[in-house]
Amino acid sequence: MPSYGRQPQVSIPAYAGPLIAAELTPGAARPSTAAWQPMQGSLPLTIVREGERRALRLPCNFKGTEIERASWDRPVQLDLSACRGLRFDVYCADSSPISSFSLYLHSRSGWYVGSFHPVRNKGWSSIVVAKSSMRSEEQPAGWGQIDRLRISAWRGENADTEFYLANLALDGADAPLAIIRADSACAPGSDEAKAVATFTASMGAQLDALGLSCAVVSDADVTADRLKGKTVAILPHNPGMPAAVVRELVAYMAAGGKLLAFYSLPPELAEAGGIVRGAHLRETQPGEFASIRATDAGLPGQPVQVGQASWNIYRCAALAGRSRVVATWFTVEGKPTGEPALIASSNCIFMSHVLLDDDPANKRALLLAMLGSLTIPLSLVITGAQLGRLNLADHYPTRDFVGVIVLRLLVAPAITIAILTAAIALGLRIPEVTRMTTYLIAAMPVAISCSIITERFGGDTPLASLAIFYSTLGSILTVPALYYLVRLLGL
C-alpha cells in the first residue's frame, strides 16, 4: 500500500501532459514509492494526494545529522535525445535549510548534472532544467540512454525541512528547433568543452528570451530520424564534428531540414547549404571585428547593425546562384573589412563566429530574422511566442488597438467594395470570381509578418501581436458576414 504523507500548504498544480513517473500520474490505482531509493542517511519519501493529483514529499533531515545532502534515486528508461530537458513543479515552504537543489541524470558510465531554484515561500514553482544548462560528470553515454534519475537537496543549515515535487515530465519533445551540442568531440573538462557548454547554454537562453521552444540534442544522439519534425537544427559551436554526425545532418538537410550554423561548418555541410567556408582568420588589431552590418541583400527583419566584439572568424563566401552575403564585418571605427559575417541560402545560414551576448536586443532581433527566413511556418511560432509573453488581461482595448481592428476588418473591405462597385458603374467588366476574391482578401486579418516587422524596426510589437490575435479571432465572424452581404446585395 502507498504511504501518504503530509499535505503541502498550497494545492498541487495540474498538468495535462504525460508524466514520466507512474506514481505521480493522476488517478494512479496503487501509487508506490518503492521505485525511489533514499541515499545513505536520507529518509524515505512519501506520496501526497489531492483528489486525482499526486506529489512526492521529500523530507530533509539535516538537524542533528552529518549528511551533506538529502538524495533519492529512481531507475528510469528515458530518451531525452530530442527533448529540451525535464520539467516539474516544486514547493518548499521553508527552503532556508537548503543551500541548493540538484537534478542528476545517469547515462551508463556518467552523469548529466543541473541545478534548480524554487521561489522561496511563494507557492509552487514551475521548473525547467534544460539540457543546455547541464554539465557532464565522467563519461555519460548520451541523452538517449538515461537509466537513473536523482534529486538532491544540499545542506545549508542545521535544521529540518521538506519539499514537494509534482508533474515530472519531458519538456520540449515537440519543439520545432533543435540545438546540437558537441558532447562527443571534446574531452570533458577541456577548455573546448567549456566553450561548447557556454555557447550552447547561451543559445538556449537567447531562444528562451524570445519565448521559442527548443530541444537540445547531443551530437552522440544525432540521426536524421531523430531530427525529423525539427524545422531548424542549430549549431552554436561544434568543433571537430564526427563524420557520422556530419552524414546524419546532410541527410537531414536532404530531407528538407534547415541549418543555422555558427563558426564551425564542416565542408560537407557547407556544400549542402550552398556556402563556401575558407580559412581561419585572427584579428590583426583589437576591434577589427566589432560589429556586423546588413547588406542590401539582408534578411527580412534583420537589424541594420549588431554589436559583436569578435576576435577571430572563419572566412566564408556565397556560392553563385545558391546563397548570398547578408551581413559583413565592420571595425570598431566603423570601417568595412570586406569579410562576410552572414551567408544565407534557402536551407542554411552561416555566421562566421559564435553568437556572443553583447548587444542583446539586436542579437535577439537578428536571431529572429535568421530563424524566420529559414522557414515561413516558424513566423507563426515567433508570433505565438511574442503573444505568449503578453498577459492579455493586462492589455485593455486602446484607441490604437480598436482603430487597427476596425480599419482591418471593416473599413478596408468597405473601401474595396466601394472602389470595385464604382469601377463597374463606370463600365469596367470584372468577373464575379475576381470580385469575390478581392473582397475576401481585403477582409483578411492582420498579417503575421507585422510582428516580425515591428520587432525589426522597434515598433509596438505587443500591439502588433494583439492585433494579429484579435483580428484573426474577429474574422471568424466578419468574413462569413461579408460573403453573405455581398451575395445578398449582388455586389
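Order the peptides 318-331, 474-487, 428-441 from the highest to the lowest mean number of other Cβ atoms within 10 Å of their residues. Mind showing how you got there, number by number?
On the way: 318-331: 18.5, 474-487: 14.4, 428-441: 12.2.
By packing density, highest mean first, the sequence is 318-331, 474-487, 428-441.
Report, in deg cm²/dmol and to the nearest 500, the calculated mean residue ellipticity at 222 nm for the chain, where each DSSP H run with n ≥ 4 adds -39500 (n - 2.57) and the sum is divided by the residue count. Write out the running numbers ahead of the final one.
Values: 10 runs with 135 residues, N = 491.
Per the formula, -9000 deg cm²/dmol.
Students often forget the sequence filter, so: which lysines lie under 28 Å Cα-Cα from K122 once same-chain residues fewer than 8 apart are removed?
Hits, sequence-local ones excluded: K63, K131.
Over the Cα atoms of the stretch 177-375, each weighted equally, I'd like the Debye log10 I(q)/I(0) at q = 0.11, 0.14 Å⁻¹, rounded to two decimals.
Each listed q corresponds, in turn, to -0.45, -0.75.
Let's test the formula: R0 of 30 Å, r as the Cβ-Cβ distance of A481 and I430. What FRET efficiency results, to the nearest 0.05? Before the final figure, lay out the partial values.
Numbers: r = 22 Å, r/R0 = 0.73.
Efficiency for this residue pair is about 0.85.
Between the alpha-carbon centers of the stretch 17-71 and the stretch 108-144, tell me the distance in whole angstrom.
18 Å
For Q305, project a label point 7 Å along Cα to C-beta. Then give me every residue of the stretch 324-358 with its amide nitrogen under 19 Å of that point.
326-342, 356-358
Note the per residue figure in Å³ for the convex hull of the C-alpha positions in the chain. Before the final figure, lay out each step's value.
Values: hull volume 102.7 nm³, N = 491.
Each residue corresponds to 209 Å³ of Cα convex hull volume.
Please work out how many pairs of lysine residues in the stretch 177-375 are eight or more positions apart (or on different chains) and have Cα atoms closer than 25 angstrom.
Details: K194/K363; K228/K258; K230/K258; K230/K363; K258/K363; K335/K363.
Close lysine pairs under the 25 Å cut-off: 6.
Name the residue farthest towards the positive end of the dipole of the chain from the options L58, A205, A414, assuming +1 on Cβ of Lys and Arg, -1 on Cβ of Asp and Glu, about the Cα centre.
A414
Return the distance in nm (one decimal) between the two label points of a simple spin-label model at R108 and D358, each offset 7 Å from Cα along Cα→Cβ.
Rounded to a tenth, the inter-label distance reads 4.1 nm.
Starting from the Cα of A297, step 7 Å along the direction of its Cβ; do the same at V406; then give the gap between the two resulting points in nm.
4.6 nm
Based on the mean of other Cβ atoms within 10 Å per residue, sort peptides 61-71, 171-181, 261-271 so the most packed one is first. Before the final figure, lay out each step's value.
On the way: 61-71: 16.0, 171-181: 22.4, 261-271: 20.1.
The densest-packed peptide leads the list: 171-181, 261-271, 61-71.
Hey, got the dipole for the stretch 270-317? About the Cα centre, +1 on K and R Cβ, -1 on D and E Cβ, debye to the nearest 20?
For this selection, approximately 60 debye.
About its Cα centre, what dipole magnitude does the chain give when the only charges are +1 on Lys and Arg Cβ and -1 on Asp and Glu Cβ, stated in debye to the nearest 20? Could you put the intermediate results ahead of the total?
On the way: 42 positive and 40 negative charges, 208 e Å.
Computed charge dipole of the chain: roughly 1000 debye.
Which of the GluC sites (Glu not before Pro) found in the stretch 131-215 are in a DSSP loop and have at most 14 neighbouring Cβ atoms, other than their own, within 10 Å?
Details: sites: E137, E138, E157, E162, E192; in loops: E157.
Hits after loop and neighbour filter: E157.
Which of Q308, L86, G278 sits farthest toward the positive end of the charge dipole of the chain, with +1 on the Cβ of Lys and Arg and -1 on the Cβ of Asp and Glu?
L86
How many nm separate the modelled label positions at A187 and E137, each set 7 Å beyond the Cα in the direction of the Cβ?
2.2 nm
May I ask for the angle, rounded to the nearest 10°, between helix 377-388 and the longest principal axis of the chain, with both axes built from Cα atoms and the value confined to 0 to 90°?
70 degrees
As I understand it, the value is the acute angle between the Cα axis of helix 461-489 and the longest principal axis of the Cα atoms of the chain; what does it come to in degrees, rounded to 10?
50 degrees
Rg and Dmax of the stretch 22-170 over Cα atoms: what are they, in angstrom?
In order Rg, Dmax, the Cα atoms of the stretch 22-170 give 15.0, 44 Å.
Taking the Cα centre of the stretch 142-272 as origin and charging only Cβ (+1 Lys, Arg; -1 Asp, Glu), how large is the dipole, in debye to the nearest 20?
Computed about the Cα centre, the dipole is about 220 debye.
Just so you know, all these numbers are worked out from the coordinates, no wet-lab data involved. For clarity, every value in this text was computed on a predicted model and none was experimentally measured. Quick reminder, even Gly has a Cβ in these numbers, built from the backbone with ideal geometry, and neighbours come from all protein chains shown.
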